[in-house]
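The values are calculated or read from the model by the stated rules, or taken from the named source; none is laboratory data. Keep in mind that this is a model prediction, so the values were computed, not measured. Cβ placement follows ideal geometry from the backbone for every residue including glycine, while neighbour counts extend to all protein chains displayed.
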Amino acid sequence: MRTVCCVCGKVKCNGDWLEQLVECEVRVSHGFCPECFDKTMARFFLARSIERAPQPSLKPLEQNDVVSRMAKTV
């Protein structure tokens, strides 16, 4: 069974990741080569950190602000 990187298509052969084609009659399993794994995980953690970043809190409007905004629109 050959392991093929699901991102770049490199094939793991004898512990090395090579840019070669897989023979037709060979069973394959998908994984990540070390370079693609590092890039993918870096993007994943960046996306997670942005998602979990604290959002600016909104200050509740006071009654005077609401009345003055309504007066401007009328």
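Which pairs turn up if I take residues in region 1-16 that are without any contact (Cβ under 8 Å) to a residue 24 or more places away in the chain and look for partners that are surrounded by 13 or more Cβ atoms within 10 Å (Cβ to Cβ) and of a type in the set (Lys, Arg) with beta carbon separation below 7 Å, at least 6 apart in sequence or on another chain?
11/2; 12/2
Give just the number: which of (1) out of contact with any Ser or Thr (no Cβ under 9 Å at 6 or more places or on another chain); (2) at pLDDT 70 or above does residue 31 not satisfy?
Failed condition: (1).
Quick one: what pairs do we get from region 29-40, first residue of a type in the set (S, T, N, Q), second part of a strand (DSSP E or B), C-beta under 6 Å, 6+ apart or different chains?
29/3
Determine which member of the set 24, 8, 36 is modelled with pLDDT of 80 or more, of a type in the set (A, V, I, L, M, F, W, C) and outside any helix (DSSP H, G or I). Reasoning before the result, please.
Numbers: 24 fails: modelled with pLDDT of 80 or more; 36 fails: outside any helix (DSSP H, G or I).
It is 8.
Do you know which residues across region 39-74 are farther than 30 Å from residue 15 by Cα, assigned to a helix (DSSP H, G or I) and modelled with pLDDT of 65 or more?
First pass over region 39-74, keeping only residues farther than 30 Å from residue 15 by Cα: 47-74.
Now drop any that are not assigned to a helix (DSSP H, G or I), which leaves 47-51, 63-73.
47, 48, 49, 50, 51 - these are the residues of region 39-74 that are farther than 30 Å from residue 15 by Cα, assigned to a helix (DSSP H, G or I) and modelled with pLDDT of 65 or more.
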